[in-house]
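I have placed the structure first, in the form of structure tokens, so that the comments after it can refer back to it.
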């Protein structure tokens, strides 16, 4: 095909391309401009239907954030931690409730500049085994197919820790990745023999007779860190007082959950739409404490460092830099 | 004309390099980082030990199985729907009702029906590829000039001969269009198909999601580029096949 373009139309095309480029540049520049003024408005993200993050829901429902005079705006509900952390990367979140694993991963890859300002929960995971698998200890997993939610997740680490304690070589276990909602179905149809997941999935598996709890994560690694309250470093710098107020509301909510277990279960039911009986069981397995323990987090950071998942030179130094507990007042945990 | 073909990829690459290099795209990796990431995927693998070659092989099996199912069911069904007004009236509402539902939405059901293995992955991919193949086949059959069919009948051709000698050859160009679009959507459905689980630890979609979970955007983009190149190669192969088969035109 041969045709000749008129010089006018080609000049017009160039103009259009130039215009688009300029528009793109303007957009990119516009995205960079952010004011450094202090604010009482907090853009918050959290994980949908995650019982570990109940304190957020309680603080919101009980008006603890309002008491502190801060304006919490829910700008993101996420299905998974990595998505929430990428929102931190984009500068769309100030504070978020998220798992320690994705927070450490993104901070360790310099993909997000965040600090852990408080802890949301400890424990809260379990190894669930399908009916029909013989044996009632971790050694029974030898030669079996066990599902984890992702590579280098807390559940991956918990499984490896449990196997090590039981003297089972992880190479003798077929570890595969299955997303937690589908674990139940895979257990029920015997496509996997066991699964490691966070609550409420283990309790749901039990309620549906798809499995029984072989070991809670509390048994595998007592008081292990799980979900965290994470804040953007620039936000902390610009608005330390707002962060302090947010953390105070979170601490109050965490204590409230501990002191009002029954009401907390009801709130959990409202928050996740979960069956109350399942929520009650799930809550037994979750510890609510707000003070992050550097020693425990460091153990997990070391695991990720050794797995080559994060590029940090020293696990203790990285962990110390990551945790910022100055906003937690009055001690306790 | 040939040299024009490399313009759009080169411009895109240049823009990407420029904007990512200037840091205007947040944490987007530069093309150089992605090339290094590609090397990492080949040499080390993601997760370590699971190399790119294995991911490509596993995904090829899934895409081919799903695509083959879509082809084997889609083309004959499309021909019959295009041939019979009654069948079209009977089937069309259902096709149009199911067509807009994204493959991802079928995922939980697919797992209940077929488990977490190849069957459910092939189902998701087949579902994506199926509709463009059926619809283009239908429109191809309908586009055949009725006078040609009449002429064949006058010359004593039975329904089978009309189908095999007039309708199918006449619909071929359109069928090929459907096959090309279907193949593209098959690759697009791969991430959905491998999102929940892969039993053997291999798959390009699974690899990309793992890269996301581990915040390795260089590896993530390298995986995207691999899918893009594979999709391009297959489109090129189908066009080559089309040229060969339709050389009579």
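Laboratory data are not the source of any read-out in this text; all were calculated from the coordinates shown. Bear in mind the structure is a predicted one, so any value in this text is a computation, not a measurement. With ideal geometry, Cβ positions are generated from the backbone for all residues, glycine too; neighbour counts draw on all protein chains shown.
The range B:103-118 to the range A:135-203: how many Å between their Cα centroids? Computed from Cα coordinates, the inter-centre distance equals 21 Å.
Most simply put, the protein assembly as shown has about 60% antiparallel DSSP beta bridges, counting only bridges with both residues inside it. When the Gaussian network model of chain B links Cα atoms closer than 10 Å, the mean-square fluctuations of B:172, B:183, B:207 top out at B:172.
Potential lengthening of the chain between residue B:35 and residue B:5 amounts to 8.6 nm, from the contour at 0.36 nm per residue minus the alpha-carbon distance.
Of the candidates A:53, A:191, A:218, which one comes out as most mobile in a Gaussian network treatment of chain A with C-alpha springs shorter than 10 Å? With Cα springs under 10 Å in chain A, the top fluctuation among A:53, A:191, A:218 is at A:191.
Note on B:16, A:198, B:106: ascending count of other Cβ atoms within 10 Å places them as B:16, B:106, A:198, the fewest first. The smallest convex shape that holds all Cα atoms of chain B, its convex hull, gives 156 Å³ per residue.
The share of C-alpha pairs in the protein assembly as shown whose separation exceeds 48 Å stands at 23 percent. Inter-part distance, the range A:70-86 to the range B:177-224, computed on C-alpha centroids, equals 25 Å.
Label positions at residue A:77 and residue B:43, each projected 7 Å from the Cα along the C-beta direction, are separated by 4.5 nm. Judged by the ratio a/c of the largest to the smallest principal axis of the C-alpha gyration tensor, the range A:213-333 counts as oblate, that ratio being 1.5 or greater while a/b is no larger than b/c.
GNM remark for chain B: springs join alpha carbons under 10 Å apart, and the peak mean-square fluctuation among B:58, B:222, B:90 falls on B:90. If R0 is taken as 35 Å, the Cβ-Cβ distance between residue A:213 and residue B:119 corresponds to a FRET efficiency of 0.70. Take the Cβ-Cβ distance between residue B:60 and residue A:189 as r, set R0 to 30 Å, and report the resulting FRET efficiency rounded to the nearest 0.05. For R0 = 30 Å, the calculated efficiency reads 0.65.
For the range A:125-220, what does the alpha-carbon gyration tensor say about shape, rounded, prolate or oblate, given a ≥ b ≥ c as the root eigenvalues, a/c under 1.5 as rounded, and a/b over b/c as prolate? In terms of gyration-tensor shape, rounded.
Would you work out the relative contact order for the range A:125-220, in percent, from Cα pairs under 8 angstrom that are 6 or more residues apart? Relative CO of the range A:125-220 lands at 49 percent. Give the angle, between 0 and 90 degrees and rounded to the nearest 10, that separates the Cα long axis of helix B:31-43 from the longest principal axis of the Cα atoms of chain B. Between helix and principal axis, roughly 90 degrees. Placing a label point 7 Å from the Cα of residue A:92 along the Cα-to-Cβ direction, none of the residues of the range B:97-115 has a backbone N under 13 Å of that point. The range B:1-62 and the range A:242-314 have Cα centres spaced 38 Å apart. Helical runs assigned H by DSSP (4 residues or longer) give the protein assembly as shown a calculated mean residue ellipticity at 222 nm of -18500 deg cm²/dmol, each run adding -39500 (n - 2.57) before division by the residue total.
Rank the residues A:73, A:40 as a footprinting-exposure proxy: fewest other Cβ atoms within 10 Å of their Cβ go first.
Working: A:73 11, A:40 14.
Lowest to highest Cβ neighbour count: A:73, A:40.
Legend: translational diffusion of chain A by Stokes-Einstein, Rh = Kirkwood radius over C-alpha pairs, 4 °C, 1.567 mPa s; D = 60 µm²/s.
For residue B:90 and residue B:239, the FRET efficiency from 1/(1 + (r/R0)^6), where r spans their Cβ atoms and R0 equals 51 Å, is about 0.90.
Shape class of the range B:53-200 from the alpha-carbon gyration tensor: prolate, with a/c at 1.5 or above and a/b greater than b/c. Just so you know, the averaged projected area of the alpha carbon convex hull for the range B:97-154 sits at 5.6 nm².
In plain terms, the residue of B:235, A:50, A:71, B:218 with the fewest other Cβ atoms within 10 Å comes first and the most crowded comes last, giving A:71, B:235, B:218, A:50.
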